[in-house]
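Have a look at the structure below before the remarks.
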Amino acid sequence: MSPFLAGVLQLIALTAALALAYRPLGDYMAAVYASPKHLRIEKVIYRLIGANADAEMRWPAYLRGVLAFSAVGVLFLYLLQRLQGGMPLSLGFASISPDQAFNTAASFVANTNWQSYSGEQAMGHVVQTAGLAVQNFVSAATGMAVAIALLRGFARSRTGDLGNFWADLVRGTVRVLVPIAVIGALVLVACGAVQNFSGIHEVGQFMGGSQQTNGGAVASQEVIKELGTNGGGYFNANSAHPFENPDAFTNLFEVFLILVIPFALTRTFGKLVGNVRQGYAILATMGVIWLGFTALMMWTEFAHGGPALQAAGAAMEGKETRFGIGGSSIFSVATTLTSTGAVDSFHSSFTAFGGGIQLLGMMLGEIAPGGVGSGLYGMLVMAIIAVFIAGLMVGRTPEYLGKKIGTREIKLAACYILITPTLVLGFTAASMVLPDALGSMLNTKALGAGSHGFSEVLYAFTSGANNNGSAFGGLNANTPWYNTTIGLAMLLGRFLPMVFVLALAGSLAEQKPVPETAGTLRTEKPLFAGLLVGTILIITGLTYFPALALGPLAEGLS
C-alpha cells in the first residue's frame, strides 16, 4: 500500500468515526446543559465553592464568574510552580522562574498550553497532575460554558438570562469531559502509553551512552490534552513521544479526541436552538474547511520536489516514521484548526507551504471545528458577520435564528474579530525591531533575518493569541520578552473575545424573536454555508495576507 493511500484511508476512517459519534454525543451534551437536575457530586462541589447553581445570571455576572475563576486558576498554578522545589514528587526539579511560571500559568488557564520548557526536565509529578492536568479539564469546560451561554442567547426571549456559569462549568467537567477522558485513558494505556509516578531512570541507547528519562501520569494527561483541545505535552516531544503516542492507531485516536467534541457541539447547537438543520449548516461549514485544509496539506507534503525527498517518498524530515506523511498531515491540520497545539511531528520541518497552511488554520480563528466551545462561538460570530454582509447586499436588516442583528450586535462581533489580529500583528512587529527578540531566532543569524525566521515569530504570536500552543522550532521563546508578551497574548486572546461573546449573548437574549418572512435569509441552506466559508476566507485573507507573504509564501517561492 502506498503512503498516500494509507493517509487517505486514515482520513476516511477518522471521518466515519466522527460521524458515528456526532449525533449521540451532541444530543447528550444538549441534555446535560438543559437538565434542571444536579448530580449528587455536583451538589457537593457547589456547597464547597459556595455557589447557587440554580440562580440565573445575566451576561455581566456570567462574565465575572469566568474571569474570577480563571484569575484564581492563574494564581494557583503560578504559585504551584514557584513552590515546586520544596514539594514532594518534584523529581529534584527546581522551582520555575517568575517569567516562565507566569507564561505557563497563563498558557494552561487560557487553554493554550504553550510550553517554553521541556516537560520531562522541568515539571514534577505534583505540578503536572494537580496543576497542568486540572487546568486541562476546567479551561476546556470554561470554553464550553461560554459557548452554551451564547446558544441560550439565541434560544431565549426577553430575559437577558444566560444560565449559571458555575453549573455549566461543573457539568461540562463532571458529565462530559471526565467520563470520556477515563475511557480514553484506558485505551491509551492498553496501547502502550505510560501511566505511573516513577522517578528518573538512566536508559541505555542503541549507539552507546545513556540518557535520563522519567515516567508520569502520561495517559491521563494525554487524553484530556486532546479531548479538551489543550495541547500541552508531558514530554518535550509532545505527541511524537512514544510514551504519549505509541503507534499509528493511537495517533488516529488522538485526532479523533481532538475533533469529536467541537464537531458534536454543532448538534448541541441545533438541539438547543430548536432547529437541528441550523447545526448541520455550521457542521458543513466546519467540515468543508477541515477536509479542504487536510487535503491541501497532504498534497503539499507528498508532492514536495527534490531527489532526496522523492527517494524518501515525501518530506519526511521532522516526522515520525511510525506515523508517516499521511498521519502527520492529518494530525497537524486537526491541531492548528483547533486550539489544541499538540504535535506528532515538528511543524517547522513541514514544507514552506505546509507551514503556511498551519499558520492560516490558526489565523482563521480556529473555528473549523475549533477549540472545545471556542470553535463554536467563534463560528457563530462569523455567521453573524456573514448574515450582516448578506443584509447589506439586499438592503434588509439582517436576522439570524430569529434575532435581529442591529448596530450593537455587529459592533460586538466586529470587536471580536479584530482582537486577535491586533495582538498577533502588533507583537510580531515589535519583536522584529527589538534586538533581544531577534536574537531568539536560533537558525537565522543575519540580524534574525530571513522569511523562515519571520515565520517563527509570526507563528509564536499567532499560536499564543489564538490559544493554540504549538510552535515552530528554531525560536528560543524562554526569554523574558517572549514569556511575558506571549503570556499577555494568550490571556488577552482568550478572555477579551469572551467579553464580547457574552455581551452579544446578553443582547440577543433580551430580544423578542422576529417571525420569518419571504425575505428572511435561510441560514440552514447550502447557499449560506458557502457564503459563510467565503466570508471566513476573505476576512482572514485581507487581514493576514501581507504577513503570510513575508513568511511562508516568500520562503516557498524562493
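The values are calculated or read from the model by the stated rules, or taken from the named source; none is laboratory data. Bear in mind the structure is a predicted one, so any value in this text is a computation, not a measurement. Note: ideal-geometry Cβ built from the backbone for every residue, glycine included; neighbour counts use all protein chains shown. The protein model used for the area step is the full one, side chains on, heavy atoms only, and it has no ligands, DNA or RNA in it. Shrake-Rupley method; radii C 1.70, N 1.55, O 1.52, S 1.80 Å.
Observations, loosely collected:
- Part-to-part distance (alpha-carbon centres) for segment 1-60 and segment 407-430, which is given in Å: 29 Å
- Rough spin-label spacing in nm, given labels placed 7 Å along Cα→Cβ, for His201 and Ala13: 2.8 nm
- Accessible area expressed per residue, segment 451-558, with surrounding protein chains retained (probe 1.4 Å, Å²): 37 Å²
- Per-atom-type breakdown for the chain gives carbon and sulfur 68% of the accessible area (1.4 Å probe, protein chains only).
- Length-normalised contact order of the chain in % [C-alpha pairs under 8 Å, at least 6 apart]: 20 percent
- Candidate values [x] 48; [y] 20; [z] 35, label of the one derived for percent of Cα pairs over 40 Å apart: [y]
- Contact order relative to length of segment 108-225, as percent, for alpha carbon pairs under 8 angstrom and 6 or more apart: 26 percent
- Given Lys411/Lys525; Lys43/Lys404; Lys225/Lys512; Lys43/Lys225; Lys271/Lys404, the pairs whose alpha carbons are separated by over 32 Å: Lys43/Lys404; Lys225/Lys512
- Once backbone amide H atoms are built at 1.01 Å from N, Gly370 has Thr338 as its partners under 5 Å, excluding neighbours fewer than 5 places away on the same chain.
- Estimated from helices alone, the mean residue ellipticity of the chain at 222 nm is -20000 deg cm²/dmol (sum of -39500 (n - 2.57) over DSSP H runs with n ≥ 4, per residue).
- Once the 1.4 Å probe is applied to the protein heavy atoms, segment 100-194 comes out at 23 Å² accessible per residue.
- Kyte-Doolittle mean at least 1.6, axial Cα span of 15 Å or more - DSSP H helices of the chain: 178-190, 374-394, 526-548
- Efficiency of FRET from Cβ geometry, Ala414 and Ser97, R₀ 45 Å, rounded to 0.05: 0.70
- Taking 0.36 nm per residue of sequence separation and removing the Cα-Cα distance, the Cys191/Leu291 pair yields an extension gain of 33.2 nm.
- With a simple spin-label model that places each label point 7 Å from the Cα along the Cα-to-Cβ direction, the separation between Lys525 and Leu75 comes to 5.4 nm.
- Along the chain, longest interval not containing exposed trypsin sites (Lys or Arg not before Pro), exposed being DSSP loop plus at most 15 other Cβ atoms within 10 Å: 159-321
- Relative contact order, whole percent, for segment 389-522 stands at 32, derived from Cα pairs under 8 Å and 6 or more residues apart.
- Extension gain from Arg64 to Ala518, taking 0.36 nm per residue of separation minus the Cα-Cα distance: 159.3 nm
- Segment Ala55-Met393, extension gain: residue separation times 0.36 nm, minus the distance between their alpha carbons: 117.5 nm
- For Glu399, residues with placed amide H under 5 Å, excluding near neighbours: Ile405, Leu521
- Surface accessible to a 1.4 Å probe, per residue, for the residues of segment 291-421, Å²: 31 Å²
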